[in-house]
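Trainee: Right, I'll just put the structure down here and ask away after.
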Amino acid sequence: MRMPRAACCVFLLLLSACGFNAPEPKRTPPPPTPPVPLSTLTATFAVRAADIASLLDVKTRDQIARIKNAKVDCAIAKCRLDMTALRNGAISADAADGRIAVSLPFKLSADLSIKSRLFKTSAHSDAVGILHAQSGFRLDRDWHVQPAIEGTVDLSRGQIRLGPLSMTVTQLWNSNQDKLTGPLFRALDREIASAIKVRPQAQRLWHKTFEPIRVSKRTPAWLVLAPERLRVGTVETANHAVLLTLGVDVRAHVVVGEKPPAPERTPPLPAPAPLANAPSDRFSFAVPMLLPYSEAERLAMARLAHHPVSLHGEQIRFSALHILPSGGDVIVAARFCVKQPFDFFGWFDSCGTGYLRGAPQYDPRTQTIRIMRVHYDIATADALLATMKFLAGNALGQELQSRLVFRVGPDLGKFENEIRAALARPPKRGVSITGQVRSFGTPRLTWTKDGFLAIFSATGTVKADLNIRTAG
């Protein structure tokens, strides 16, 4: 007996209604982005002892020190002294054992006067001498160098006669060390401090670390140093020069995309923190590779179109696929249809929207991001059991898993090469930061609200050239 036409239509409509729409699973926030490693960017600069000596020659051209109307001891009496110290030869300097040694020849012009109830008299004397000084250094919290000078003064035996009093210039000097040697050493202190300008150079380095450094043109990418703290090492000496190392603690990372904005105003120069460890040029920074979910979805849909899924002789057509981040995994939302063999136009396909879950992983061997262990969400599994039992189980998840593979190897290799080349090329002017990338680590994979994030660490050496000069 033939089925009436109306009944046939009803049967076909019932087949077409064999679909489902599973409820969307609950999601938790995606995992936090791993912290960027802390590195210290160091710059060691040298100020030659010969440059310090040249500067001292200029600064002491007119006079070294002057004392006016000072009350001094003159044997058994108190005198008034006017004294001028003038340099009369070239200054020599050397740096060794963490200190700078200076020899300064000078001539001395002294006028003494004495006044008492019994008599009033004055005298003049000239002498020559050499100041031998050694200075250590410390750096104040405001970045100014503070020398700590100590030394001796050798004088000729100039004779002084003040009425009944007779003495040498050396005796006068030795009796008034605090009043006579002090001004000479303080003047030398001041000029040595002006010869080593640390604050302007620390300011230049601090400002430079806030400027993004372009490391790729093909894929716009910028190295952001993100400085946190400025450090300074102890003053050292080597090769007849004073050495000082500056260090900046940074959390360097690469930003892909448009140039990140530098701050409108650079934070003020912080007080120096001690650079505890020996200076090192070892450096590391984090390089992220973001695969947006929209791009991963496009690649997955293209692969599904090129390699359709068939289960139990039935072809499954995917019309939409979305990747949704969650805390412990990602959720794949899929809209798919089971094609009816008798329907050439797709009018009676059984369609539904379901959710699968999987764990993203990075495969270093193939340099691919994969979603592994793909399986139905519980609510979707229940819905399929009620409507499309032949799709129950792990078969669809395994088929989909083989297509949720995203290769990042070629882009990663090109990106690494561009970063190497960019850091090895110093800028033409100003403070330069250059480096050599020795290795790129195996990426750590995480995921954010925007996409899959492969973070690999670049390690190598880096240095900052400050072009520091002595003050003139």
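Derivation of every value follows stated rules applied to the coordinates shown; laboratory data play no part. Owing to the predicted nature of the structure, the values given are computational and were not obtained by experimental measurement. When we count neighbours, we look across all protein chains shown, and the Cβ atoms used for this are built from the backbone with ideal geometry, even at glycine.
Trainee: Give me, ordered by chain and number, the residues 5 or more places off residue 198 or on other chains with an amide H under 5 Å from its own placed amide H.
Mentor: Result for residue 198 returns 145.
Trainee: By how many degrees, between 0 and 90 and to the nearest 10, does the Cα long axis of helix 49-59 differ from the longest principal axis of the chain?
Mentor: In the chain, helix 49-59 runs at an angle near 60 degrees to the longest axis.
Trainee: I would also like to ask the following. Give me the extension gain from residue 382 to residue 117: residue separation times 0.36 nm, minus the current Cα-Cα distance, reported in nm with one decimal.
Mentor: On the way: separation 265, 0.36 × 265 = 95.40 nm, distance 12.08 nm.
In short, 83.3 nm is gained.
Trainee: Considering the options 180, 147, 230, tell which one lies farthest towards the positive end of the dipole of the stretch 109-232, charges being +1 on Lys and Arg and -1 on Asp and Glu at the Cβ, about the Cα centre.
Mentor: Comparing the listed Cα positions along the dipole, 230 ranks first.
Trainee: Using a simple spin-label model with points 7 Å from Cα along the Cα→Cβ vector, what separation in nm is obtained for residue 159 and residue 317?
Mentor: According to this spin-label approximation, the distance is 12.5 nm.
Trainee: What size of dipole, in debye to the nearest 20, comes out for the stretch 60-195 about its Cα centre when the only charges are +1 on Lys and Arg C-beta atoms and -1 on Asp and Glu C-beta atoms?
Mentor: Working: 19 positive and 14 negative charges, 158 e Å.
Around 760 debye, computed over the stretch 60-195.
Trainee: Ignoring GluC sites (Glu not before Pro) that are buried or in helix or strand per DSSP, and keeping those with at most 14 other beta carbon atoms within 10 Å, what is the longest stretch of the chain between them?
Mentor: Numbers: sites that count: 258, 264.
Of all site-free stretches, the longest is 1-257.
Trainee: Something else about it: Tell me the relative contact order for the stretch 199-313 as a rounded percent, counting alpha carbon contacts under 8 Å between residues six or more apart. Could the numbers behind the result be given before it?
Mentor: Numbers: 149 pairs, mean separation 27.7, N = 115.
Taking the mean separation of contacting Cα pairs over the length of the stretch 199-313, I get 24 percent.
Trainee: Quick check on my link table: of 59/208; 26/339; 59/120; 107/197; 208/259, which ones sit more than 26 Å apart, alpha carbon to alpha carbon? Can you show the working numbers first?
Mentor: Details: 59/208 32 Å; 26/339 30 Å; 59/120 38 Å; 107/197 29 Å; 208/259 15 Å.
Among 59/208; 26/339; 59/120; 107/197; 208/259, the Cα-Cα distance tops 26 Å for 59/208; 26/339; 59/120; 107/197.
Trainee: Among 81, 106, 135, whose Cα projects farthest towards the positive end of the dipole of the stretch 72-155, with charges put on the beta-carbon of Lys, Arg (+1) and Asp, Glu (-1)?
Mentor: Comparing the listed Cα positions along the dipole, 81 ranks first.
Trainee: Kindly express, to the nearest 10 degrees and within the range 0 to 90, the angle between helix 293-306's C-alpha long axis and the longest C-alpha principal axis of the chain.
Mentor: Roughly 40 degrees, rounded to the nearest 10.
Trainee: Taking Cα centroids, how far is the stretch 315-335 from the stretch 143-213 in Å?
Mentor: Going from one Cα centre to the other spans 76 Å.
Trainee: Net charge around residue 23, counting only other residues with Cβ within less than 10 Å of its Cβ (Lys, Arg = +1; Asp, Glu = -1)? Kindly include the intermediate steps, with their values, before the conclusion.
Mentor: Numbers: positive: 26; negative: 24, 377, 382.
In short, -2.
Trainee: Turning to a different aspect of this structure: Regarding the stretch 178-279, what are the three Cα extents along the principal axes, ordered largest first, in Å?
Mentor: 67, 30, 21
Trainee: So if I place +1 on the C-beta of Lys and Arg and -1 on the C-beta of Asp and Glu, and nothing else carries charge, what would the dipole magnitude of the chain be about its Cα centre? I want it in debye, nearest 20.
Mentor: On the way: 60 positive and 39 negative charges, 194 e Å.
It comes to approximately 940 debye.
Trainee: Something else now. Hey, what angle do you get for helix 5-16 against the long axis of the chain, alpha-carbon based, 0 to 90 degrees rounded to 10?
Mentor: Roughly 20 degrees between the two axes.
Trainee: Here's a follow-up. Using θ = phi - 60° and the Karplus relation 6.51 cos²θ - 1.76 cosθ + 1.60, list the HN-Hα couplings for the stretch 228-236 in order, rounded to whole Hz, with x at every Gly or Pro.
Mentor: With coefficients 6.51, -1.76 and 1.60, one gets 10, 8, 10, 10, 9, x, 6, 6, 10 Hz.
Trainee: When the Karplus curve 6.51 cos²θ - 1.76 cosθ + 1.60 is applied with θ = phi - 60°, which whole-Hz ³J(HN,Hα) does each residue of the stretch 131-144 get, with x for Gly and Pro?
Mentor: Values, residue by residue: 9, 10, 10, 10, 10, x, 9, 9, 10, 6, 5, 9, 6, 8 Hz.
Trainee: To continue, here is another question. Normalised by the residues of the stretch 60-195, what does the relative contact order come to in percent, with Cα pairs under 8 Å and at least six apart? Could the numbers behind the result be given before it?
Mentor: On the way: 276 pairs, mean separation 27.3, N = 136.
Over the stretch 60-195, the number comes to 20 percent.
Trainee: Roughly how many debye, to the nearest 20, is the charge dipole of the stretch 175-248 about its Cα centre, given +1 on each Lys and Arg Cβ, -1 on each Asp and Glu Cβ, and no other charges?
Mentor: Magnitude of the dipole: close to 460 debye.
Trainee: With the radius of gyration and the Kirkwood radius both derived from the Cα set of the stretch 60-195, what is their ratio Rg to Rh?
Mentor: On the way: Rg = 16.7 Å, Rh = 16.0 Å.
Taking Rg over the Kirkwood Rh, I get 1.04.
Trainee: Neighbour counts of other C-beta atoms within 10 Å: give me 369, 76, 419 arranged from fewest to most. Walk me through the numbers before you get to the answer.
Mentor: Details: 369 24, 76 7, 419 21.
Least to most surrounded, the residues fall as 76, 419, 369.
Trainee: If amide H atoms are built 1.01 Å from N in the plane of the peptide, which residues on other chains or at least 5 residues away come under 5 Å of the amide H of residue 326?
Mentor: 331
Trainee: With the cut-off at 35 Å, report for the chain the share of all Cα pairs above it, as a whole percent. Intermediate values should be presented prior to the final figure.
Mentor: Working: 65849 of 111156 pairs.
Of the Cα pairs, 59 percent sit more than 35 Å apart.
Trainee: Continuing with the same structure: Applying 1/(1 + (r/R0)^6) with R0 = 30 Å to the Cβ-Cβ distance of residue 175 and residue 48, what FRET efficiency is obtained, to the nearest 0.05?
Mentor: Values: r = 38 Å, r/R0 = 1.28.
Here the calculated transfer efficiency is 0.20.
Trainee: Determine, for 100, 192, the number of other Cβ atoms within 10 Å of each Cβ, and report the residues in order from fewest to most. Intermediate values should be presented prior to the final figure.
Mentor: Values: 100 28, 192 24.
Listing 100, 192 from fewest to most nearby Cβ atoms yields 192, 100.
Trainee: Rank the residues 20, 210, 119, 283 as a footprinting-exposure proxy: fewest other Cβ atoms within 10 Å of their Cβ go first.
Mentor: Working: 20 18, 210 15, 119 10, 283 24.
So the ranking, lowest neighbour count to highest, is 119, 210, 20, 283.
Trainee: Could you give each residue of the stretch 84-89 its phi-based ³J(HN,Hα) in whole Hz, using Karplus coefficients 6.51, -1.76, 1.60 with θ = phi - 60°, and x for Gly or Pro?
Mentor: So the Karplus estimates, Gly and Pro as x, are 10, 10, 10, 6, 10, x Hz.
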